[in-house]
1. Scan segment 116-149 for residues that are touching a helix residue (DSSP H, G or I) at 6+ places or on another chain (Cβ under 7 Å) and open to solvent by 50 Å² or more (accessible area, probe 1.4 Å) and jot them down.
2. Which of the residues that make up segment 77-105 are over 9 Å from the mean Cα position of the chain (by Cα) and open to solvent by less than 40 Å² (accessible area, probe 1.4 Å)?
3. In segment 95-115, is there at least one residue being in contact (Cβ under 8 Å) with a residue 60 or more places away in the chain and over 22 Å from V171 (Cα atoms)?
4. Need the failing condition index for R109 against (1) within 10 Å of the chain's Cα centre (by Cα); (2) part of a loop (DSSP other than H, G, I, E, B); (3) among the basic types (K, R), just the number.
5. Of the numbered conditions (1) of a type outside the set (S, T, Y); (2) modelled with pLDDT under 90; (3) under 22 Å from I126 (Cα atoms); (4) open to solvent by 70 Å² or more (accessible area, probe 1.4 Å), M111 satisfies every one except a single condition; which is it?
Amino acid sequence: MAILNRKQLKTNKQKEQVTEQSFSAKAEDYKGDFTPDLTTLSLEELANQFIEIDRQSHLLKGQILLEARGRFSSDKEFGQWASTHSLCVGSQQSRNRLMHLADFFSDGRTMAGITITSAYEISAPINRGKALIVYDEVQGRNLPVKQVKYLLYEDFLENKKTIKVTKKMLVLKIVETVLSGKSNHFKLDVLEAAIKHVKK
């Protein structure tokens, strides 16, 4: 353990102050139109504030992770850095979902009228082919997640010609999301166990 002298402590404290001031200044950029006196808000307004803050939180976390990821040459280094800085927002899968969310909802696309769960579905890499079309259709409409999923997978549900493509999409979704970060050996074991279970 290193022992810091007074000069080093003073320098570190100054750096912390500069960082804190920079963060505070940047925080102003992220400020939404929120009323600090919650007692003046109706129940509907309170619910809207909660939902909006939640959306912004997910997006900002994803943006932070994307920025940090861009500073590493490998996923492994980034993952190690994230774990040592208490940025393990659940798992590697959770970090990836946040980053995909932030990546999709950039370039002027907003989450207004889209639930956070629907936003995650739309921004998932497996849905890239239909994401923009579905986004344009659901944005601002507050559709239930079930309807958004239907729009994303309607080809599978209504057109038997796409069954092979959809099987591949479902396999990729399972392997890339549910089993993300696991070894190939583990993935094979899980899939073999699933096949045995279905055959019972």
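1. Within segment 116-149, T117, E137, K149 qualify.
2. Result: F78, G79, A82, F104, F105.
3. no
4. In the conditions (1) within 10 Å of the chain's Cα centre (by Cα); (2) part of a loop (DSSP other than H, G, I, E, B); (3) among the basic types (K, R), R109 misses (1) alone.
5. (4)
The values are calculated or read from the model by the stated rules, or taken from the named source; none is laboratory data. For clarity, every value in this text was computed on a predicted model and none was experimentally measured. Counting neighbours? That spans all protein chains shown, and the Cβs are built from the backbone with ideal geometry, glycine included. Keep in mind that these areas ignore ligands, DNA and RNA; they rest on the heavy atoms of the full protein, side chains included. Shrake-Rupley method; radii C 1.70, N 1.55, O 1.52, S 1.80 Å.
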